[in-house]
Amino acid sequence: MVALLAMLCLFAVSCTKDEPKNMECDILSAWVEGAQYEQYFYQKADMRCNDIASTETEIVFWVQSVSALPQMPVQFSITEGATISPASGSLQDFAAGPVAYTVTSEDGEYSRRYKVTFMEQRVITDQATLYSFEHVVDSVNSMYNATYNVFYELGAAGARDYIWASGNAGVAMVHSDFTPEQYPTSSTASGYQGKGVCLKTIDAGVLGRMIHKPIAAGNLFLGSFDAGQVLSNPLKCTVFGIPVNKQPVKVTGYYKYQPGAEYTDANMDVVEGRTDEANIYAVFFRNQNSAGERVNLYGDNVLTSPYVVSKAQVASLPATSEWTPFEMTFDEGAVDPEVLAAFGYSMTLVFSSSKGGDNFEGAIGSTLYVDEVEVTYNISKAAR
């Protein structure tokens, strides 16, 4: 028995020695620590970036003024055994621009380069914000060697503000050979005025059918997309909302829509007698809980979360080949003016070529165009 125990112990030690070193090199979370730095943020929750997606390489902290920033000590949680340079907690001059960090895996074979940026919150001072979708860039996904369109707005001092997201990064996993125009979400040169957005429902390929996610609806929304959960938990991929300091009351814009020929369910079975529908809606919600922690809305709770203050949805989007106006009004919802001024609420706008796309139901070929979308706010609630 003693000999057997000795052999087992020797085997365990041998296994420990032979265990390969960690190959991962990810930043898991980032934060600024210290009460002396709170004055530069609108909310304490803005001092933390938790649950950073494994596909993300840019980390953004939102502040009141970039030019007023002192050197800031950003702390990082990284994958076990990895190292980061510059060191976690070291003082860096983010007022001068983004700072690059490199995370190297424990085995020393792999590394990832991250860009950490401090940006000023987009303060809404006008009664309306117009989204014309004129700003678009080809994004290259190095993981899948794929290229697709990404929309952005111009922020402070002309900086690119990537407030728009889509599911293109997820589609890149199964259609990396696509041109940007073949992806579900792309730019069109023939908008209502100038450029616009083209959203179309496509076949998700063999892999999509195998996992009962046979279609990919074109979508565009205010928020971000976590492609790392496409296969495991797709409804958590869509992270909805951007902070706002005004309460939205109405959304208008222009659209064109044509449904695809055959409506299918998640098993790709044809649903007789059903015609696909487009979907346009908006949600205004509290982005912080009572403990001061960040609140995000996802595909599985964007319309049902208790943090939702008000919603708006276009009742009907009939098929049309001509640019047609649409309008939707937010239902009533009470807000705290002080919390609103401190960006304690967020808003998302969502456009989809298939209303049932989040359940992987719809018609391949359904195509929705949108352009010149304007959000009107209650300007009487003054911004800070």
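Derivation of every value follows stated rules applied to the coordinates shown; laboratory data play no part. All values derive from a computational prediction rather than experimental measurement. A quick note on method: Cβ atoms are made from the backbone with ideal geometry, for glycine too, and the neighbour counts reach across all protein chains shown.
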> At a Förster radius of 25 Å, what calculated FRET efficiency corresponds to the Cβ-Cβ distance of Arg113 and Glu33, to the nearest 0.05?
Replying inline: 0.60
> For the residue pair Ala334 and Asp300, what label-to-label distance in nm results when each label sits 7 Å from Cα along the Cα-to-beta-carbon direction?
Replying inline: 3.1 nm
>> Under a crude label model (7 Å from the Cα following the beta-carbon direction), how far is Asn378 from Arg274 in nanometres?
In response: 3.7 nm
> Can you give the Rg and Dmax of the chain based on its C-alpha atoms, in angstrom?
Replying inline: 23.1, 85
>> Taking 0.36 nm per residue of sequence separation and subtracting the Cα-Cα distance, how much length would be gained by fully extending the chain between Ala159 and Ser139, in nm to one decimal?
In response: 5.5 nm
>> So if I restrict to the alpha-carbon atoms in the stretch 120-240, what is the Rg, and what is Dmax, the biggest pairwise distance, in Å?
In response: 15.2, 49
>> Restricted to Cα positions, what overall size does the stretch 38-151 have along the principal axes? Three whole-Å values, descending.
In response: 54, 39, 24
> What are the semi-axes of the equivalent ellipsoid of the stretch 279-384, taken as the square roots of 5 times the eigenvalues of the Cα gyration tensor, listed largest first and rounded to whole Å?
Replying inline: 29, 18, 10
>> I need the phi-derived Karplus couplings for the stretch 359-366: 6.51 cos²θ - 1.76 cosθ + 1.60, θ = phi - 60°, integer Hz, Gly and Pro marked x.
In response: 9, 6, 10, x, 10, 4, x, 4
> Peptides 249-261, 96-108: what's the order by average Cβ count within 10 Å, highest mean first?
Replying inline: 249-261, 96-108
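Give me Ser67, Ser54, Ser190 ranked fewest to most by other Cβ atoms within 10 Å of their Cβ, as a rough exposure proxy.
In order of increasing Cβ crowding within 10 Å: Ser67, Ser190, Ser54.
Kindly rank 83-95, 221-233 from highest to lowest mean number of other beta carbons found within 10 Å of each residue. Please list the in-between numbers first.
Values: 83-95: 14.5, 221-233: 19.3.
Final packing ranking: 221-233, 83-95.
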> What is the set of long-range amide H partners of Val309 at a cut-off below 5 Å, with H atoms built 1.01 Å from backbone N?
Replying inline: Phe284, Phe285, Arg286
>> Quick one: 3J(HN,Hα) in Hz for the stretch 212-217, Karplus 6.51/-1.76/1.60 with θ = phi - 60°, rounded, Gly and Pro as x.
In response: 6, 10, x, 10, 10, 7
>> Please compute the length gained on full extension between Ser190 and Thr83, using 0.36 nm multiplied by the number of residues separating them and subtracting their Cα-Cα distance.
In response: 33.7 nm
> Where a Cα-Cα gap under 18 Å defines reach, which lysines qualify for Lys236, not counting those fewer than 8 residues away within the same chain?
Replying inline: Lys213, Lys355
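Using only DSSP helix segments of four residues or longer, with each worth -39500 (n - 2.57), what per-residue ellipticity at 222 nm results for the chain after dividing by its residue count and rounding to 500?
On the way: 4 runs with 32 residues, N = 384.
Result for the chain: -2000 deg cm²/dmol, rounded to the nearest 500.
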> Each residue of the stretch 53-64 in order: what ³J(HN,Hα) in whole Hz does its phi give by Karplus 6.51 cos²θ - 1.76 cosθ + 1.60, θ = phi - 60°, with x for Gly and Pro?
Replying inline: 4, 5, 9, 7, 10, 10, 10, 10, 10, 9, 10, 6
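Local charge sum around Lys236 (other residues, Cβ-Cβ under 12 Å, Lys/Arg +1, Asp/Glu -1)?
Numbers: positive: none; negative: Asp51, Asp226, Asp300, Asp358.
Here the count lands on -4.
What pairs in Lys200/Lys311; Lys115/Lys250; Lys21/Lys44; Lys44/Lys246 have C-alpha atoms more than 29 Å from each other? Please report the intermediate quantities before stating the final value.
Values: Lys200/Lys311 24 Å; Lys115/Lys250 36 Å; Lys21/Lys44 36 Å; Lys44/Lys246 19 Å.
Over 29 Å apart, Cα to Cα: Lys115/Lys250; Lys21/Lys44.
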>> Classify the stretch 43-91 from the C-alpha gyration tensor, please: rounded if a/c falls under 1.5, else prolate or oblate depending on whether a/b exceeds b/c.
In response: oblate
